[in-house]
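J.: Starting off with a structure, shown below.
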Amino acid sequence: MIDALTTLLGPDKVSASPDNLKTHSIDKWNHAHPPDVVVFAESTEDVVAVMKYAYMHNIPVTTRGAGVGYVGGCVPEKGGIALSVARMADILELNPADGIVRVQPGVITGDIQAAAAEIGWYYPPDPASLKECSIGGNIATNAGGPRCLKYGVTKQYVLGLTVVLSDGTVVKTGGRCHKNKTGFDLSLLMVGSEGMLGVVTEATLRIIPHPQTRSMLTATFTDFAAAAGAVQAVLNAGHLPSALEITDSFTLAAARDYLGKESLPPGDAHLIVEIDGRATAVSTELPEIKTVLEEAGALDTETHPDAESCERIWQLRRDFSYSLRATGLHKLNEDVVVPRSKLVELATFAADLQKETGIPIASFGHAGDGNIHVNLMVANYDDPVIAAPANAALDKLFTWVIENDGQITGEHGVGLAKKPWIKQALGDESIALHQRIKKALDPTDILNPGKFLD
């Protein structure tokens, strides 16, 4: 196989070195499985050649971008070929007249944002890892981020794709028009498909005019329930922030230990409210939201009136994750979603689960759309004695979320990590339909096998 792929693509695009096999055996989750060979595609034609060969010989192919996922989605569970698109990292076209940017899948998301911003335009999706994650992975998982409350997630910005199917067929879906109702929406079928239906080699994305300015309010509250109530109060008052982020007491305590006691005002819950738009509108809205937060019981509010001060708060928010790591505990990062009205119930359930199991739980995330990262903090997940009760706690968490009209993942995808709960989450009929679609597009099941459709 290695010789054949080398003949097809050239020696600089094929590797079976121990270092490359190890790198391509894992993402940021805790499970690894090596491929037999790594292929570094540099064009759609390279991907076509790989898929035709793999299809002919029934070899598994697992596509990989930057490899920073949290659920084992790019782990080559069945070995075979790890198909890296990291070298396909060109911004092919940036066209404000059409409101689009055309990119290869290996482009880092933050680079797309920066390129658009240079000409006064905006690509809004902002996963926390935007400085290291690639757009292909964002498309595979339908990645979100704090600003999806106002602007939506990746799927709202995908206008067209070039996709290589399992047999090497090249399909172009959608296009560059912002309105398109010609045929089925095959682009959205690919978004969130986790590499199981095809390999994306090019994407046409929607960009919008960049907001003129942004500002932020931060507030602390006595507890999570009070902060969640403030979230609803802001929305009920007619405001649509670009981001509404909530943080619980465990995370705040870890942050104060890691960053210093003065890094955050007193309080057992923290809220970030960011707004953007025209400068005159933002300057008027900011004090209105401040009044809403104070009336909702804020212990302390701080105003951050410009992009620079906002970025300092976002860095603080990013430091929450480092603060949790600094506790010395292993973080099981679960990106569950509940209806926004059940945020307080989720927090209460998490607190009860912590008391029942003795496992510390840290919750923070995107309160505006109910996507909360519920992090189980365990001493050593590699130890089966410790992992067993942690897994039992995860089962209780996901079961509660499903029973309360929620979802087991809002951003990270299913991958391997959430595979045990997928049937419970989707139901028999939906799983069967997923499998019929998979069979139609990948009849020999060579694209990212071993994941949740097995």
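The values are calculated or read from the model by the stated rules, or taken from the named source; none is laboratory data. Everything quoted here is computed from the prediction, not taken from an experiment. Glycine gets a Cβ as well: all are built from the backbone with ideal geometry, and neighbour counts include every protein chain shown.
J.: Please verify whether residue 413 is at pLDDT below 95, out of contact with any Lys or Arg (no Cβ under 8 Å at 6 or more places or on another chain) and on the phi > 0 side of the Ramachandran plot, treating the condition exactly as stated.
T.: Answer is no for this residue.
J.: Give the residues of the stretch 402-454 that are assigned to a helix (DSSP H, G or I), of a type in the set (Lys, Arg) and surrounded by 15 or more Cβ atoms within 10 Å (Cβ to Cβ), sorted by residue number.
T.: 419, 438
J.: Another one. Out of 122, 157, which single residue is surrounded by 20 or more Cβ atoms within 10 Å (Cβ to Cβ), among the aromatic types (Phe, Trp, Tyr) and either modelled with pLDDT of 95 or more or touching a helix residue (DSSP H, G or I) at 6+ places or on another chain (Cβ under 6 Å) (or both)?
T.: Selected residue: 157, the only one of 122, 157 that is surrounded by 20 or more Cβ atoms within 10 Å (Cβ to Cβ), among the aromatic types (Phe, Trp, Tyr) and either modelled with pLDDT of 95 or more or touching a helix residue (DSSP H, G or I) at 6+ places or on another chain (Cβ under 6 Å) (or both).
J.: In the stretch 326-340, what residues are closer than 25 Å to residue 223 by Cβ and surrounded by fewer than 16 Cβ atoms within 10 Å (Cβ to Cβ)?
T.: Residues satisfying the conditions are 326, 339.
J.: Being more than 19 Å from the chain's Cα centre (by Cα) and of a type in the set (D, E, K, R): is that true of residue 111 here?
T.: Taking the combined requirement at face value, the residue does not satisfy it.
J.: Do we have residue 347 as within 16 Å of residue 246 (Cβ to Cβ), of a type in the set (Gly, Ala, Ser) and surrounded by 14 or more Cβ atoms within 10 Å (Cβ to Cβ) here?
T.: It is true that residue 347 is within 16 Å of residue 246 (Cβ to Cβ), of a type in the set (Gly, Ala, Ser) and surrounded by 14 or more Cβ atoms within 10 Å (Cβ to Cβ).
J.: Please count how many residues of the stretch 150-167 are farther than 24 Å from residue 315 by Cβ, aliphatic (A, V, I, L, M) and assigned to a loop (DSSP other than H, G, I, E, B).
T.: Of the residues in the stretch 150-167, 1 are farther than 24 Å from residue 315 by Cβ, aliphatic (A, V, I, L, M) and assigned to a loop (DSSP other than H, G, I, E, B).
J.: If you don't mind, another one. For the stretch 194-216, does any single residue satisfy the condition of being free of Cβ contacts under 8 Å to residues at least 12 places away in the same chain and either surrounded by fewer than 22 Cβ atoms within 10 Å (Cβ to Cβ) or within 30 Å of residue 300 (Cα to Cα) (or both)?
T.: no
J.: Anything in the stretch 4-20 that is among the aliphatic types (A, V, I, L, M) and in a helix (DSSP H, G or I)? List them, or say none.
T.: In the first step, residues of the stretch 4-20 are kept if they are among the aliphatic types (A, V, I, L, M); the result is 4-5, 8-9, 14, 16.
Residues satisfying the conditions are 4, 5, 8, 9.
J.: Regarding the stretch 363-384, can at least one residue be identified that is surrounded by fewer than 21 Cβ atoms within 10 Å (Cβ to Cβ), part of a helix (DSSP H, G or I) and in contact with a strand residue (DSSP E or B) (Cβ under 6 Å, 6 or more places away or on another chain)?
T.: no
J.: Now for a separate question. Kindly establish whether residue 280 is without any contact (Cβ under 8 Å) to a residue 12 or more places away in the chain and more than 27 Å from residue 209 (Cα to Cα).
T.: No; evaluated as a whole, the condition is false for this residue.
J.: I need the full set of residues from the stretch 168-186 which are more than 25 Å from residue 59 (Cβ to Cβ) and in a strand (DSSP E or B), in order please.
T.: Within the stretch 168-186, 172, 173, 174 qualify.
J.: Sticking with this structure for a sec: Could you please tell me which pairs satisfy a Cβ distance under 8 Å, a separation of 6+ or placement on different chains, a first residue in the stretch 296-315 that is surrounded by fewer than 15 Cβ atoms within 10 Å (Cβ to Cβ), and a second residue that is in a helix (DSSP H, G or I)?
T.: 303/286; 303/290
J.: I've got another one for you. If a residue must be within 23 Å of residue 229 (Cα to Cα) and without any contact (Cβ under 8 Å) to a residue 24 or more places away in the chain, how many such residues does the stretch 253-277 contain?
T.: 1
J.: May I ask you to verify whether residue 339 is touching a Ser or Thr at 6+ places or on another chain (Cβ under 7 Å) and in the same structural domain as residue 385 (by TED's automatic domain parsing)?
T.: Judged against the criteria, residue 339 is not a match.
J.: Of the residues in the stretch 174-199, how many are more than 25 Å from residue 67 (Cβ to Cβ) and touching a helix residue (DSSP H, G or I) at 6+ places or on another chain (Cβ under 7 Å)?
T.: Narrowing the stretch 174-199 to residues more than 25 Å from residue 67 (Cβ to Cβ): 174-186.
Right, trim to touching a helix residue (DSSP H, G or I) at 6+ places or on another chain (Cβ under 7 Å) and you get 174.
Result for the stretch 174-199: 1.
J.: Also, quick follow-up: Counting residues that are over 28 Å from residue 19 (Cβ atoms) and touching a residue at least 40 places away in the same chain (Cβ under 8 Å), which strands (runs of 3 or more DSSP E) fully inside the stretch 46-149 reach at least 1?
T.: 91-95, 100-103
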